[in-house]
Amino acid sequence: MLGIERSVDPWNARLTPPIAPALRPMLEALDPEQRAAATLPDGPALIIAPAGSGKTTTLIARVGVLLSRGVPAERIALVTFNRDAASELSTRIASRLVPHIPGAVAVEVRTLHALARQVLLDAGEPVRLIADRLPLLRAARRRAAVSRRPDEPPPPEAAELDTLLSAWKIEGRPPPPEAAEPLRHFAALLAARGSLDFDDLVVRAVRLLEDDPALRARWQGRFSHLAVDEFQDVDAAQFKLVRILASPRQNLFVVGDDDQTIYAWRLADVRRILDFGSWYPGARRVQLATNYRCPPAVVGASLDLVSANLERYAKEIRPAPGRPTIAGEIVAMPAADPGWAERVAAVAAAATERSGRCCVLARTRAELGPVALALVRAGTRHACLLDRARSLPADAAPFPALLKLRAVSAWRRGDADDALGDGDHAALDALLGWAAAFPRLDRFLAAVGQGAERLAALRDPQAPLELVTVHGAKGREWPVVIVIGFEEERFPNHRALVGARDPARALEEERRLAYVAITRATQRLILAFDPLSPSRFLAEMGYSPTSGATTPR
């Protein structure tokens, strides 16, 4: 583990320009570490922001400090990874800064991909983007399969090709021989459409900036200060783009958390944030140390858990000052008998009534299925298949009818004309499995209609009860969080470990995923698992299972 400095610079130090009076109340509301980060002098800076430590508040305060020092708003760029995060940052600037500094509205808030797109357009490159390259990869795979010799291995599945393609484009890792032919077909299909994929946006932008001095000078002159949110998630190409745009001034302010690096499959690498000091030897480093989100028991357990990792900064993380520890902040729920999903659904519904909002979290999407069925008494609906089914006789047996429709539609795994993704196939499998319990098609379709209404309400973004994967929960919080499948083989995920190039590093990422999962809870954390096979992470958190609860730490 790497040590980290926690030296706090005085926020009104004589070494920095004075702060605008209108911003002083905002800075006074920050804790010492947040204030130290927001008021750092120019130059490269790394802000380590653990879960619930107020990173967005600190980032907005930093922008306010730069504006108060006279930096023009249009010379400040604030970049992040998705539109929702960019929208939240823009909203925070509008509500927190614009009333005091009207010009703050001109701060550039972009996703990294949107910034790369601007670079391409500025260079005169056409940008026709395909939103999803998986259908094209499936078509490329079929072409390769038709032309392969009988003694050659089959080409990888589209999802694996997608991973190999990103690694090739972003990190320069050549694909294995069996992937070469389908990826060649993919490149031809993409070129025939005159299109780019998302990886191309950043990779091409970097190449243009590296090769064109005039373009590079123009973009390096555009911003005097660059701030990057969720820095732990950058891949190699995105980091190159950031480094180019931050040069030559090197006023680069990055905020992230090594313990929340959970996107290795998107080519994020925890070593990138850990090695920031080697790229910027003079970088200042400040750690935000208070988790304001989670109850004390969860803060302590999450720190114990993630401290088992070797690839991380050694850091202090403490609960909010004065927050008392309340019994039952972490409890366990047995989930081995056939009725476990109904029990989880009942507990989630009760928690929602009591606390307003609740989330059921799982390591994988498939694990949420039983709870979803228990909550809505329905399977996942596939609109096209069901619309066709409505034209069949009402007294037809649902299972064979749907099975035949699936075959006619070429929606079968391995079918040469299959255009569905793995998630679509999983939904169809669930639908067929549920249909087998109904004697008549009309009764099945009526139940689907009722279930679809309930499912639509459940999936409403404003719904108080949500079912989310751990990856999808990143950056969010709920009063009550129920983590299902918190047991060996499931969390840590067996397939993720067995299929990894480096199983030890894969286990550390699984541990970081568990850290993210349990730190979503603001009041109560419920862990559901088979008491005979608890996750190793439970012991690392300082607990051992009993018949229906956890022993004291």
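The values are calculated or read from the model by the stated rules, or taken from the named source; none is laboratory data. Please read these numbers as outputs of a predicted model, since none were measured by experiment. Methodologically, a virtual Cβ is constructed for each residue, glycine included, from the backbone with ideal geometry; neighbour enumeration extends over all protein chains shown. Please note that ligands, DNA and RNA were not included when accessible areas were found on the heavy atoms of the full protein model with its side chains. Shrake-Rupley method; radii C 1.70, N 1.55, O 1.52, S 1.80 Å.
Taking each residue as 0.36 nm, the span from W168 to R148 lengthens on full extension beyond its C-alpha to C-alpha distance by 5.0 nm. From the Cα gyration tensor of segment 116-237, with a ≥ b ≥ c the square roots of its eigenvalues, which class applies: rounded if a/c is under 1.5, or else prolate if a/b is larger than b/c, or else oblate? Verdict is prolate for segment 116-237. Taking a ≥ b ≥ c as the square roots of the Cα gyration tensor eigenvalues, with a/c under 1.5 meaning rounded and otherwise prolate when a/b beats b/c, else oblate, which class fits segment 215-303? Verdict is prolate for segment 215-303. With a simple spin-label model that places each label point 7 Å from the Cα along the Cα-to-Cβ direction, the separation between D212 and I130 comes to 2.4 nm.
Relative contact order for segment 259-322: what is it in percent, counting Cα pairs under 8 Å that are at least 6 residues apart?
With pairs under 8 Å counted, the relative contact order is 39 percent.
K404 exposes around 140 Å² of accessible area when a 1.4 Å probe is run over every protein chain in place.
Around G256, with a cut-off of 11 angstrom between Cβ atoms, what is the net charge of the other residues, counting Lys and Arg +1 and Asp and Glu -1?
-4
You can think of it this way: the chain between E488 and E316 has 59.1 nm of extra reach, that is 0.36 nm per residue less the Cα-Cα gap.
The value of relative contact order for segment 117-261, using C-alpha pairs under 8 Å at least six residues apart, is 25 percent.
Positive contributions from Lys and Arg (+1) and negative ones from Asp and Glu (-1), summed over other residues with Cβ under 15 Å from the Cβ of R148, come out at 0. Given their separation in residues at 0.36 nm each and the Cα-Cα distance between them, A436 and E28 gain 140.6 nm when the chain is fully extended. Charged neighbours of L67, selected by a Cβ distance under 12 Å, balance to +3 (K, R count +1; D, E count -1). The residues of segment 260-366 have, on average, 43 Å² of accessible surface per residue, using a 1.4 Å probe with all protein chains present.
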